[in-house]
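This report refers to the structure that appears directly beneath it.
The values are calculated or read from the model by the stated rules, or taken from the named source; none is laboratory data. Computed from a predicted structure; not experimentally measured. All Cβ positions, even for glycine, are placed from backbone atoms using ideal geometry, and neighbour counts span all protein chains on display. Surface accessibility is based on the protein's heavy atoms, side chains included, excluding ligands, DNA and RNA. Shrake-Rupley method; radii C 1.70, N 1.55, O 1.52, S 1.80 Å.
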Amino acid sequence: MNCSISSEVPEEPVVSKKYGLLYEKRLIERHIADYGKCPVTGEPLTMEDIVPVKTGKIVKPRSLTAASIPGMLGMFQNEWDALMLSNFALEQQLHTARQELSHALYQHDAACRVIARLKKERDEARSLLAQAERQAPLPASAVTAVSNGKRASEEEDMGPGAKRMRPGVSDSIIAELTECNAALSQQRKKRQIPPTLAPIDALERYTQLSSHPLHKTNKPGITSIDINLLKDIVATGGIDSNAVLFGRTSGEILSTLSGHSKKVTSVKFVAHNDVFLSGSADKTVRIWQGSEDGNYNCRHILKDHTAEVQAVTVHATNNYFVTASLDATWCFYDLSSGLCLTQVEDPTNSMGYTSAAFHPDGLILGTGTIGSTVRIWDVKSRGNVANFDGHTGAVTAISFSENGYFLATAAHDGVKLWDLRKLKNFRSFELYDQDTPTNSVDFDHSGSYLAIAGSDIRVYQVGSVKAEWNCIKTLPDLSGTGRATCVKFGPDARYLAVGSMDRNLRVFGLPEEDASTES
């Protein structure tokens, strides 16, 4: 007799008093607990209606297929076939899942490309809108306002030829610049080389201490470096349109300043003030103000140039700064208000400016042009007082020595040293081949060393007009790009900060010096 549910011989048979049906006890108990009725007739049924049937223990006979070797082989074959069919079904499911995943990844990649294209179009539209706003005439009732670090509108009188009328450099500002010049010149005569300056034998042993990926991988390249010598903070400007402030001693990124729509071409700290300046290829200059929590907020966006801003340089008073642009003008700004006091355009020069730097005393400004000319300006009169010719290609960098006598300029053909007292070139360094430009030059703060960046980094001991300038250390460009773009000496020339066409800031120095600084 077989169970009415499983159709097999029950191990513990029970029978229904109402309907006379035979069940396996465990099966009918579960069914009654779940449904409370007979599984065959569908009528109500309880466990009280179930009566156990006493039977003798019967050993189940083997099935016919398991009673012989051929039968067992056939049974094993059937099991194997079932396993293979199950495995085939699983492989088909895996293949389908892979196809669905591949399709989803393709859709995600396409969506990312569309988003990137839309962002690019948005940035271009913003740039065109900003240009249109600059060219549109402003109403007389326009009011200058600053909101969230942006100049909302500008009330500016337009002069002949639709050029902006600037307030100009007042007599009080000229007196301030002259007083600063006199004080610094007097101090320079008494200044001595600090005892904490790194000696020559230390620079000869410089090696790479660390490498820090500060900028984005999809747009690598560091274009500018500056160092806050008081706080030992390194700032970098990148092709990814960001400026990054990096704590050298802590080895951490302190702040990432975003806002420019194109590459950042120049970065500068303002000494003794928690203020930072950045110039960009988007034709703007931003003034960033530091806060107590360590973040920097954009205080002003300056839109006085009509082409890429290539250089920003801060005056020794720390109250004024100058920007130089490819539009062949340079602007003199008041730092506190962000107001352009004067915009200087040389009628004899149609070449844009590619670099700029203040003389340490503050009354002389040096600018480099696309046309390979170095122009020297009197800041008080805004007049071009001297021109240095002789370079080939754009002048990529300018650096005045702290002694006030020497000027170093870099261009495609190498580095030239100029004597500002006699206004002539007294030494030239042709360091690289004709396909490798020299990208950066920098005197250390004491005026004892000169660093040059191109396909490698070279450090020279500063000599004189007649004495030799000896190369005391050559450091390789470890970025693998063959192009070191910028170099800057740290405090007391204890280290060199180097930027290249990858996204890493590299620090060169002595390991023991680095360890003592951290401790």
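Remark: residue 502 falls outside the filter, which requires a residue to be touching a residue at least 60 places away in the same chain (Cβ under 8 Å), assigned by the TED database to the domain that holds residue 191 and open to solvent by 30 Å² or more (accessible area, probe 1.4 Å).
Selection of strands (runs of 3 or more DSSP E) fully inside segment 401-449 by the criterion of at least 3 residues being of a type in the set (A, V, I, L, M, F, W, C) and surrounded by 18 or more Cβ atoms within 10 Å (Cβ to Cβ) returns 406-411, 414-419. Scanning segment 336-349 finds no residues that are surrounded by 21 or more Cβ atoms within 10 Å (Cβ to Cβ), assigned to a loop (DSSP other than H, G, I, E, B) and not β-branched (Val, Ile, Thr). Filtered by the rule that a residue be of a type in the set (Asp, Glu) and in contact (Cβ under 8 Å) with a residue 40 or more places away in the chain, segment 270-295 gives a lone residue, 282. Please enumerate the residues belonging to segment 219-234 that are in contact with a Ser or Thr (Cβ under 8 Å, 6 or more places away or on another chain) and open to solvent by less than 10 Å² (accessible area, probe 1.4 Å). Matches in segment 219-234: 221, 222.
Screening 324, 356 for residues that are assigned by the TED database to the domain that holds residue 187, open to solvent by 10 Å² or more (accessible area, probe 1.4 Å), modelled with pLDDT of 90 or more and among the small types (Gly, Ala, Ser) leaves exactly one candidate, 356. Collect the residues in segment 450-471 that are open to solvent by less than 30 Å² (accessible area, probe 1.4 Å) and part of a loop (DSSP other than H, G, I, E, B), keeping them in residue-number order. 454, 462, 463, 469 - these are the residues of segment 450-471 that are open to solvent by less than 30 Å² (accessible area, probe 1.4 Å) and part of a loop (DSSP other than H, G, I, E, B). Residues of segment 244-257 that are open to solvent by 20 Å² or more (accessible area, probe 1.4 Å), farther than 21 Å from residue 485 by Cα, under 14 Å from the mean Cα position of the chain (by Cα) and not acidic (Asp, Glu): 254 alone.
Checking each residue in segment 1-19 for being among the small types (Gly, Ala, Ser) and farther than 17 Å from residue 54 by Cβ picks out 4, 6, 7. Going residue by residue through segment 155-171, is there one that turns out to be in contact with a Ser or Thr (Cβ under 8 Å, 6 or more places away or on another chain), among the acidic types (Asp, Glu), within 30 Å of residue 329 (Cβ to Cβ) and modelled with pLDDT under 70? Within segment 155-171, one or more residues are in contact with a Ser or Thr (Cβ under 8 Å, 6 or more places away or on another chain), among the acidic types (Asp, Glu), within 30 Å of residue 329 (Cβ to Cβ) and modelled with pLDDT under 70.
Only one of the numbered conditions (1) part of a helix (DSSP H, G or I); (2) more than 25 Å from residue 56 (Cα to Cα) is violated by residue 41, and that is (1).
One residue alone among 346, 327, 282 is touching a His at 6+ places or on another chain (Cβ under 7 Å) and closer than 18 Å to residue 370 by Cβ, and that residue is 327. Which residues, taken from segment 368-388, are of a type in the set (Lys, Arg) and more than 20 Å from residue 182 (Cα to Cα)? Within segment 368-388, 375 is the sole residue that qualifies. Whether a residue is within 20 Å of the chain's Cα centre (by Cα), among the polar types (S, T, N, Q) and surrounded by fewer than 19 Cβ atoms within 10 Å (Cβ to Cβ) was assessed, and residue 474 does not pass this test. Within segment 241-260, at least one residue is in the same structural domain as residue 474 (by the TED database), more than 20 Å from residue 444 (Cα to Cα) and in contact with a His (Cβ under 6 Å, 6 or more places away or on another chain). Of all residues in segment 472-512, those being part of a loop (DSSP other than H, G, I, E, B) and over 23 Å from residue 223 (Cβ atoms) number 2. Which of the residues spanning segment 304-321 are buried (at least 18 other Cβ atoms within 10 Å of the Cβ) and under 28 Å from the mean Cα position of the chain (by Cα)? 304, 305, 308, 309, 310, 311, 312, 313, 314, 315, 320, 321 - these are the residues of segment 304-321 that are buried (at least 18 other Cβ atoms within 10 Å of the Cβ) and under 28 Å from the mean Cα position of the chain (by Cα). For residue 293, the criteria (1) among the acidic types (Asp, Glu); (2) in contact with a helix residue (DSSP H, G or I) (Cβ under 8 Å, 6 or more places away or on another chain); (3) surrounded by fewer than 19 Cβ atoms within 10 Å (Cβ to Cβ) hold in every case but one, which is (2).
This table checks each residue for (1) outside any loop (DSSP other than H, G, I, E, B); (2) among the β-branched types (Val, Ile, Thr); (3) within 60 Å of the chain's Cα centre (by Cα); (4) buried (at least 16 other Cβ atoms within 10 Å of the Cβ).
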site	(1), (2), (3), (4)
3	no, no, no, yes
8	no, no, no, no
26	yes, no, no, no
32	yes, yes, no, yes
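Can you find even one residue in segment 259-269 that is in contact (Cβ under 8 Å) with a residue 24 or more places away in the chain, open to solvent by less than 10 Å² (accessible area, probe 1.4 Å) and over 18 Å from residue 239 (Cβ atoms)? No: zero hits.
If you check 190, 283 for being touching a strand residue (DSSP E or B) at 6+ places or on another chain (Cβ under 8 Å), in the same structural domain as residue 446 (by the TED database), open to solvent by 40 Å² or more (accessible area, probe 1.4 Å) and charged (D, E, K, R), only one passes: 283. Consider segment 389-424 and keep the residues that are modelled with pLDDT under 90 and among the polar types (S, T, N, Q). The one that is nearest to the chain's Cα centre (by Cα) is 392.
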